Amino acid sequence: MKMLLDGQWIDRDKKIDVIDPYDNSVIDTVPCGSNEDARTALSCVAAAFEITKKMSVYDRAQILYKTAQIINDRLEEFATIIAREGSKTINEARKEASRCGNTLIVAAEESKRILGETIPFDSFPGGEKRRGYYYRFPIGVVLAITPFNDPLNLVAHKLGPAVAAGNAVILKPATVTPLSAIKLVEAMVEAGLPPQAIQLITGYGSDIGDVLVSDERVRMISFTGGVEAGKHIAGKAGIKKIGMELGSDSPVIVWKDADLDLAVESCVSGSFWAAGQNCIGVQRLLIHEDIYDEFKEKFVAQTKQYKIGDKLKDDTDMGPMITEKEAERVEKWVKEAADKGATVLTGGGRKGALMEPTVLENVPADATIHCEEVFGPTVNLYRINDLDEAIAEANALPYGLLAAVFTSNVDVAFKAAYDLDCGGVMINDSTDYRLDSMPFGGVKYSGLGREGLKFSLQEMTEPKVICFNLPKM
Ligand code: NAD
């Protein structure tokens, strides 16, 4: 497949293979974009913004509605690409593709609600004869950088609101999963987006990132990815807006009065969705000691039933990790924890990129798998007996995206909801629940700002004040 620069789909001699991590087959290639290509993309953005800022809200919304229609009409095609280039099973990929359609529809709806307000200039002496208001204008050029784990819907979370707001975009999709992003841009162009309005550059972030990130023509960086790349980007960005959706180590508290079957089912799915490569995937389960043994037994039993393997088969529950190297890393972290005294209740094994769903207990606080984002199919069980201590434990690490609590006690639910330090608390759901229109983002190293269409539109627009001095009034 090709990249889109200056309105043209172009290829390059130097290419990157896009590999299916299940069988290591090469699905396709994309051009390996260079710094020269990044400069070309940047040289087109002024003209691109001239196009997008003049498009009516009606036209922008129609493009987004039509793109959603294209995706919904070709759902199986999009789902197959997601499943082949990444880690997701076909069922997980179908869900992502259908969420992507919804993301674009909500972006279209929100484009009609980019509202301003009148300003009471007469609220301070001297302003009696002034009248005015503010409206929100598009921020300009948005640089969108996306990760591998939701290769379609997380791209839609940037392109949807950017187009809805009237911005021009440079998109740098994940190096390993660029195909879904290219298909989405193709669909947007088919739906009527002028091809000059969006630059799509494929390549290695570490090669071309600095040229894109540091350029002053870019007015906002919308980044989703790991904290290391996030820190690097923040250091290079200079004076521009930065939106960051980073990682986490999501904690879930299971209180003694929880509906155990609900908690087990929800947390097993939340731990192993997309082979655990999920920013809101359950990593730490803090379980009340009264129900610990029963929860553990049920949790391990359900995990053992997980069928791992061929992503394209309908009955596969979990596919491979994104690369063999990543699976080796997780296997190493499990071994390190075991060497330090953790018990592996199930899993721990690996074949190529396929890492077994793994459950650990007695994980010491200095194990990497306890204190770093694992981003793989493993989960740690901890015994707790005091709510304050459980909340303190949940808050102890430097991330804070989503947290969750299972309980039937409203006091416990409210206390946890207010005291957990994060961007959202799910009650009687695992952390792996997200509605695409809710404000989504984290505190501490989990990020800056919020996504979720309406909230992304706030980030991608700026208020401009218009004030009339009317001395003859
Ligand atoms: P990553 O940080 O390795 O890469 C993300 C993107 O950044 C890729 O497109 C990559 O090419 C690019 N990149 C890397 N270095 C760069 C640089 N120096 N300059 C510019 N761009 C650069 O992340 P990943 O492995 O693709 O994704 C996994 C991470 O993403 C996890 O930490 C996960 O938690 C996080 N994530 C967060 C959310 C969220 O919404 N909070 C959602 C999904 C994933």
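The values are calculated or read from the model by the stated rules, or taken from the named source; none is laboratory data. Values in this document were obtained by computation on a predicted structure and should not be read as measured data. Methodologically, a virtual Cβ is constructed for each residue, glycine included, from the backbone with ideal geometry; neighbour enumeration extends over all protein chains shown.
When you scan the stretch 96-114, do you find a residue that is touching a strand residue (DSSP E or B) at 6+ places or on another chain (Cβ under 6 Å) and surrounded by fewer than 24 Cβ atoms within 10 Å (Cβ to Cβ), even just one? Write out each step before concluding.
Within the stretch 96-114, the first condition is being touching a strand residue (DSSP E or B) at 6+ places or on another chain (Cβ under 6 Å), and the residues that meet it are 114.
Next cut, surrounded by fewer than 24 Cβ atoms within 10 Å (Cβ to Cβ) only: 114.
For the stretch 96-114, residues touching a strand residue (DSSP E or B) at 6+ places or on another chain (Cβ under 6 Å) and surrounded by fewer than 24 Cβ atoms within 10 Å (Cβ to Cβ): present.
Look through Val213, Val185 and report the one residue that is touching a His at 6+ places or on another chain (Cβ under 9 Å), closer than 23 Å to Lys14 by Cβ and among the aliphatic types (A, V, I, L, M). Break it down stepwise before answering.
Working: Val185 fails: touching a His at 6+ places or on another chain (Cβ under 9 Å).
Exactly one of Val213, Val185 is touching a His at 6+ places or on another chain (Cβ under 9 Å), closer than 23 Å to Lys14 by Cβ and among the aliphatic types (A, V, I, L, M), namely Val213.
Among the residues in the stretch 233-247, are any in a loop (DSSP other than H, G, I, E, B), near the ligand (Cβ under 8 Å from one of its atoms) and touching a residue at least 40 places away in the same chain (Cβ under 8 Å)?
From the stretch 233-247, those in a loop (DSSP other than H, G, I, E, B) are 237-240, 246-247; that's our starting set.
Imposing the further condition that a residue be near the ligand (Cβ under 8 Å from one of its atoms) reduces the set to 246-247.
Then keep just the ones that are touching a residue at least 40 places away in the same chain (Cβ under 8 Å); that gives 246-247.
The answer is yes, given that some residue of the stretch 233-247 is in a loop (DSSP other than H, G, I, E, B), near the ligand (Cβ under 8 Å from one of its atoms) and touching a residue at least 40 places away in the same chain (Cβ under 8 Å).
Taking the criterion of being in a helix (DSSP H, G or I) and farther than 30 Å from Thr323 by Cβ, would at least one residue in the stretch 88-104 satisfy it?
If we filter the stretch 88-104 for residues that are in a helix (DSSP H, G or I), which is where we start, we get 90-104.
Next, from what is left, pick out any that are farther than 30 Å from Thr323 by Cβ: none.
Within the stretch 88-104 (the criterion being in a helix (DSSP H, G or I) and farther than 30 Å from Thr323 by Cβ), the answer is no, since none of the residues qualifies.
Just name the residue that is nearest to Ile198 (Cα to Cα) out of those in the stretch 171-183 that are away from the ligand (no atom under 11 Å from the Cβ) and among the hydrophobic types (A, V, I, L, M, F, W, C). I'd like the intermediate steps shown before the answer.
First pass over the stretch 171-183, keeping only residues away from the ligand (no atom under 11 Å from the Cβ): 179-180, 182-183.
Filter again for among the hydrophobic types (A, V, I, L, M, F, W, C), leaving 179, 182.
Working: Leu179: 16, Ile182: 11 Å.
Among those that are away from the ligand (no atom under 11 Å from the Cβ) and among the hydrophobic types (A, V, I, L, M, F, W, C), it is Ile182.
If you check every pair at least six apart or on different chains, which have Cβ atoms under 9 Å apart with a residue in the stretch 349-373 that is in the same structural domain as Glu393 (by TED's automatic domain parsing) and within 16 Å of the ligand (Cβ to nearest atom) first and a residue that is among the β-branched types (Val, Ile, Thr) and part of a loop (DSSP other than H, G, I, E, B) second?
So the pair list comes out as Ala353/Ile322; Ala353/Thr323; Thr368/Val374; Ile369/Val363.
Would you tally the residues in the stretch 325-367 being in contact with a Lys or Arg (Cβ under 9 Å, 6 or more places away or on another chain), buried (at least 17 other Cβ atoms within 10 Å of the Cβ) and over 26 Å from Glu289 (Cβ atoms)?
5
Return only the number of the condition from (1) surrounded by 20 or more Cβ atoms within 10 Å (Cβ to Cβ); (2) in a loop (DSSP other than H, G, I, E, B); (3) aliphatic (A, V, I, L, M) that Leu312 does not satisfy.
Condition (1) is where Leu312 drops out.
Which one of Met473, Met460, Met438 is among the aliphatic types (A, V, I, L, M) and at pLDDT below 95?
Values: Met460 fails: at pLDDT below 95; Met438 fails: at pLDDT below 95.
Going through Met473, Met460, Met438 in turn, the sole match is Met473.
So, in the stretch 120-170, how many residues would count as being part of a helix (DSSP H, G or I), crowded, with 24+ Cβ neighbours inside 10 Å and more than 15 Å from the ligand (Cβ to nearest atom)?
Filtering the stretch 120-170 for residues part of a helix (DSSP H, G or I) gives 121-123, 153-165.
Adding the requirement that they be crowded, with 24+ Cβ neighbours inside 10 Å leaves 153-165.
Right, trim to more than 15 Å from the ligand (Cβ to nearest atom) and you get 162-165.
Total meeting the criteria: 4.
Pairs only if they're at least six apart or on different chains, beta carbon under 6 angstrom, first in the stretch 375-394 and within 23 Å of Ser269 (Cα to Cα), second of a type in the set (Lys, Arg) and assigned to a strand (DSSP E or B); list them, first residue then second.
Asn380/Arg284
One line per residue, one yes/no per condition, for (1) over 22 Å from Tyr382 (Cβ atoms); (2) outside any helix (DSSP H, G or I); (3) not assigned by TED's automatic domain parsing to the domain that holds Ile81:
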| site | (1), (2), (3) |
| --- | --- |
| Cys267 | no, no, yes |
| Ala301 | no, no, yes |
| Thr316 | yes, yes, yes |
| Met321 | yes, yes, yes |
| Glu326 | yes, no, yes |
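Against the condition more than 24 Å from the chain's Cα centre (by Cα), of a type in the set (Gly, Ala, Ser) and not assigned by TED's automatic domain parsing to the domain that holds Ser87, how does Gly341 come out, does it pass?
On the way: more than 24 Å from the chain's Cα centre (by Cα): yes; of a type in the set (Gly, Ala, Ser): yes; not assigned by TED's automatic domain parsing to the domain that holds Ser87: yes.
Here the answer is yes, as Gly341 does meet what is asked.
Looking only at helices (runs of 4 or more DSSP H) that fall completely inside the stretch 378-470, which ones have 3 or more residues that are farther than 30 Å from Glu336 by Cβ and over 19 Å from the mean Cα position of the chain (by Cα)?
Working: elements: 387-395, 410-419, 454-459.
Helices (runs of 4 or more DSSP H) meeting the threshold: 410-419.
I'm trying to understand the selection: among the residues of the stretch 200-232, which are more than 10 Å from the ligand (Cβ to nearest atom), more than 20 Å from Gly441 (Cα to Cα) and among the aliphatic types (A, V, I, L, M)?
Leu200, Ile201, Val218
Among the residues of the stretch 269-299, which ones are in contact with a helix residue (DSSP H, G or I) (Cβ under 7 Å, 6 or more places away or on another chain), touching a residue at least 40 places away in the same chain (Cβ under 8 Å) and part of a helix (DSSP H, G or I)?
Scanning the stretch 269-299 gives Trp273, Ala274, Phe295, Phe299.
Quick grid of which residues meet (1) of a type outside the set (A, V, I, L, M, F, W, C); (2) part of a loop (DSSP other than H, G, I, E, B):
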site: Val176; (1), (2): no, yes
site: Ser180; (1), (2): yes, no
site: Glu186; (1), (2): yes, no
site: Val189; (1), (2): no, no
site: Gln196; (1), (2): yes, no
site: Thr202; (1), (2): yes, yes
site: Val213; (1), (2): no, no
site: Phe223; (1), (2): no, no
site: Ala229; (1), (2): no, no
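Each row is one residue, and each column tells you yes or no for (1) buried (at least 21 other Cβ atoms within 10 Å of the Cβ); (2) on the phi > 0 side of the Ramachandran plot; (3) not charged (D, E, K, R).
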site	(1), (2), (3)
Lys14	no, no, no
Val18	yes, no, yes
Phe49	yes, no, yes
Met55	no, no, yes
Gln62	no, no, yes
Thr67	yes, no, yes
Arg74	no, no, no
